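The values are calculated or read from the model by the stated rules, or taken from the named source; none is laboratory data. Since the structure is predicted, the reported quantities are computational estimates derived from the model, not experimental observations. Cβ placement follows ideal geometry from the backbone for every residue including glycine, while neighbour counts extend to all protein chains displayed. Protein only, heavy atoms only, side chains kept; ligands, DNA and RNA dropped before computing areas. Shrake-Rupley method; radii C 1.70, N 1.55, O 1.52, S 1.80 Å.
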Protein chains: 4
Amino acid sequence: MESQFEVRIVWGDCDEQGIVFYPKYFYWMDSAFQTLLRDASQSVRAMREEFGIVGIPIVEANARFVASATHEEILRIEAEIRRWGETSLRVEYRGFCEDRPIFEGFEARVWLGRGSNGRPAATTIPEAFKKKFAK
Amino acid sequence: MESQFEVRIVWGDCDEQGIVFYPKYFYWMDSAFQTLLRDASQSVRAMREEFGIVGIPIVEANARFVASATHEEILRIEAEIRRWGETSLRVEYRGFCEDRPIFEGFEARVWLGRGSNGRPAATTIPEAFKKKFAK
Amino acid sequence: MESQFEVRIVWGDCDEQGIVFYPKYFYWMDSAFQTLLRDASQSVRAMREEFGIVGIPIVEANARFVASATHEEILRIEAEIRRWGETSLRVEYRGFCEDRPIFEGFEARVWLGRGSNGRPAATTIPEAFKKKFAK
Amino acid sequence: MESQFEVRIVWGDCDEQGIVFYPKYFYWMDSAFQTLLRDASQSVRAMREEFGIVGIPIVEANARFVASATHEEILRIEAEIRRWGETSLRVEYRGFCEDRPIFEGFEARVWLGRGSNGRPAATTIPEAFKKKFAK
């Protein structure tokens, strides 16, 4: 399952050179991840309730920038979970302004549940969660 | 009691015109408020424990901008609680780069405790809290 | 002429209490201003070309917060220029999540052209610009 | 030459779980890069004048997160240029709160000058620039 996230780039996203200040792309990758969850009828809050997790924090984030983008342009991000580990997952992102590729990135996230001592710990991702993305 | 907060303005704080994008000043006002709390041996977490509050949220924020500032400059903000209401307080801020006035602003914040039904509600600010700033 | 700006609040917009960190509302007010310009077939870049201005910077910003909002909610902002001065204008904003009022705010902005010495200075707002919003 | 950048983490840097929202680390990496330039008596503006570059934009950014950090903590980032390519450089970062490692990251940046047609293009990094960091 692939999700689409769109945002119109605004003045405040850009730096002195009139192009997007790069940390903002990570904010949008995180936003695109939430769209992906939403498309699977999930959210961090829903996952806390349904699966009892603490959260799904980032352990690695990466982006390669191939072209710049500026305010008034619409950035479209395609997001997909491309790899399932035992306790982690990898979300991949590709950003475009119309047909112009802007960046490619990924996030590695960990399924943070509770260990046997009750403290937050990486735990096995339930099949019921994975299935929600199997379309 | 007046507190001093300092920050060096960086590239990512500035917009296409090379000057600070204005919402950032509110982020720094909020940061200066935390310095003010720290100078009074307080923090939001400490206040939750000592006074049982939910938080001290903003009900109004204002800034008037008198000059622009750019990256590499050091912004100094003076912060002081200038008015105590029954359940609210007003923090005033003045920002400078060296001797150049940059902005003046204020935040009105409410003391959010628990009402008789246990739900978050504006409650009377304890004298013990006010005293911490009486220097 | 009134414009509508919509944004879905995301995880990264919220603080430890799970509600929007307030400076973000000013970022969205600035974004709503750009929507207002766009609805009048304008943009800061277009205005630089058509009217030769340096920019349209903020001289004052204000917001009063009436209710909190959280991630996954859709924030709708109504924006309108409500007052025209000789060299400045006042934009007013009202934010809602569905029918729940979230905040009211305003920005005072100045028409920054070039003075007789060629340096940036507040100058008279052209009627041609005002007319674009007269619907 | 290694530079040290320090920042106190504030309320507005943290998410609902009370830990730093990860894109902020990239903002701080970028800030640490500016400290590195400053320690070498450089800045983006100075480099534009001295070397005629357009800028020194990011082509790749990466961070691996090993522990979380929260408001009131002081984050210290060590920054160093660890690899010089013909037209690019790689800056490496390590973040700590006291002795606790928080993250490791890098930025790949390109030396963006002007090509023979006058348009922005990756060009050879001058030895005079590299020497400034050779301590």
Residues that are among the hydrophobic types (A, V, I, L, M, F, W, C) and more than 7 Å from chain B (Cβ to nearest Cβ), drawn from segment C:43-71: C:VAL44, C:ALA46, C:MET47, C:PHE51, C:ILE53, C:VAL54, C:ILE56, C:VAL66, C:ALA67, C:ALA69
Residue pairs within 7 Å by beta carbon, gap of at least six or interchain, first lying in segment D:24-49 and in a helix (DSSP H, G or I), second among the polar types (S, T, N, Q) and open to solvent by less than 10 Å² (accessible area, probe 1.4 Å), listed first then second, are D:ALA32/D:SER3; D:THR35/D:SER3; D:LEU36/D:SER3; D:ASP39/D:SER3
Return yes when A:ILE74 is facing chain D (nearest Cβ under 10 Å), aliphatic (A, V, I, L, M), open to solvent by 10 Å² or more (accessible area, probe 1.4 Å) and under 29 Å from B:HIS71 (Cβ atoms) and no when it is not. no
Check whether at least one residue in segment A:80-87 is farther than 28 Å from D:ARG90 by Cβ, without any contact (Cβ under 8 Å) to a residue 24 or more places away in the chain and among the hydrophobic types (A, V, I, L, M, F, W, C), and report yes or no. no
Tell me which residues, restricted to segment C:37-70, are open to solvent by 40 Å² or more (accessible area, probe 1.4 Å) and small (Gly, Ala, Ser). C:SER41, C:GLY52, C:SER68
Determine if segment A:100-109 includes at least one residue that is crowded, with 17+ Cβ neighbours inside 10 Å and more than 30 Å from B:PHE21 (Cα to Cα). yes
Consider B:ARG83 against the criteria (1) within 12 Å of chain C (Cβ to nearest Cβ); (2) surrounded by fewer than 16 Cβ atoms within 10 Å (Cβ to Cβ); (3) among the charged types (D, E, K, R): it satisfies all of them except one. Which criterion is unmet? (1)
Would you point out the residue of segment A:8-19, among those that are out of contact with any His (no Cβ under 6 Å at 6 or more places or on another chain) and more than 10 Å from chain D (Cβ to nearest Cβ), that is most open to solvent (accessible area, probe 1.4 Å)? A:ARG8
Give segment B:86-99 a look and list any residue that's open to solvent by 60 Å² or more (accessible area, probe 1.4 Å) and touching a Leu at 6+ places or on another chain (Cβ under 7 Å), or say none. none
